[in-house]
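Engineer: Sending over a structure as structure tokens; questions will come in a sec.
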């Protein structure tokens, strides 16, 4: 059985939206256990295994409850599975938000 991964979206602060800033953020994110899956000058997509996720964000990987998302997101549905996470200290200078990516929606032809 494949291990579940948590998909993350990282929003970069405007002053770091350049190639060297993105590289620096990727280095820090990788050192925290994130596997970079894509990036641009504004966002970085990453994956984490549940154990690393819990260690870095200090919450269980089974889903993010309303008490674990920022106040502005508490109006979302009862079963919140995405929301802004606490930004780990090494990334606070560089990152505006880290969010659990919502599930993909597959469209049929």
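The values are calculated or read from the model by the stated rules, or taken from the named source; none is laboratory data. This is a predicted model, so every value here is computed, not measured. A quick note on method: Cβ atoms are made from the backbone with ideal geometry, for glycine too, and the neighbour counts reach across all protein chains shown.
Engineer: I'd like the full set of residues that are part of a helix (DSSP H, G or I), touching a residue at least 24 places away in the same chain (Cβ under 8 Å) and more than 18 Å from residue 84 (Cα to Cα), limited to region 29-55. Let's see the steps before the verdict.
Structural biologist: Within region 29-55, the first condition is being part of a helix (DSSP H, G or I), and the residues that meet it are 29-31, 50-55.
Those left that are additionally touching a residue at least 24 places away in the same chain (Cβ under 8 Å): 29, 31, 50, 53.
Within region 29-55, just 31 meets the criteria.
Yes/no matrix, rows are residues, columns are (1) within 11 Å of the chain's Cα centre (by Cα); (2) modelled with pLDDT under 85; (3) farther than 30 Å from residue 19 by Cβ:
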{"site": "46", "(1), (2), (3)": "yes, no, no"}
{"site": "71", "(1), (2), (3)": "no, yes, yes"}
{"site": "79", "(1), (2), (3)": "no, yes, yes"}
{"site": "92", "(1), (2), (3)": "no, no, no"}
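Engineer: In region 10-23, what count of residues is obtained for those that are assigned to a helix (DSSP H, G or I) and surrounded by fewer than 16 Cβ atoms within 10 Å (Cβ to Cβ)?
Structural biologist: In the first step, residues of region 10-23 are kept if they are assigned to a helix (DSSP H, G or I); the result is 14-16, 19-23.
Next, only the ones that are surrounded by fewer than 16 Cβ atoms within 10 Å (Cβ to Cβ) stay: 14-15, 19-20, 23.
Number of matching residues: 5.
Engineer: List every residue pair whose Cβ atoms lie under 8 Å apart, where the two residues are 6 or more positions apart in sequence or sit on different chains, the first residue falls within region 16-28 and is on the phi < 0 side of the Ramachandran plot and free of Cβ contacts under 8 Å to residues at least 24 places away in the same chain, and the second residue, located anywhere, is in a helix (DSSP H, G or I) and surrounded by 12 or more Cβ atoms within 10 Å (Cβ to Cβ).
Structural biologist: Hits for this filter: 22/16.
Engineer: Taking the residues in region 56-69 that are in a helix (DSSP H, G or I) and surrounded by 13 or more Cβ atoms within 10 Å (Cβ to Cβ) as candidates, determine which candidate is modelled with the lowest pLDDT. Spell out how you get there, then give the answer.
Structural biologist: So the first thing to find is which residues in region 56-69 are in a helix (DSSP H, G or I), and the list is 56-57, 66-68.
Those left that are additionally surrounded by 13 or more Cβ atoms within 10 Å (Cβ to Cβ): 56-57, 66, 68.
Working: 56: 95, 57: 93, 66: 42, 68: 45.
Checking each candidate, the answer is 66.
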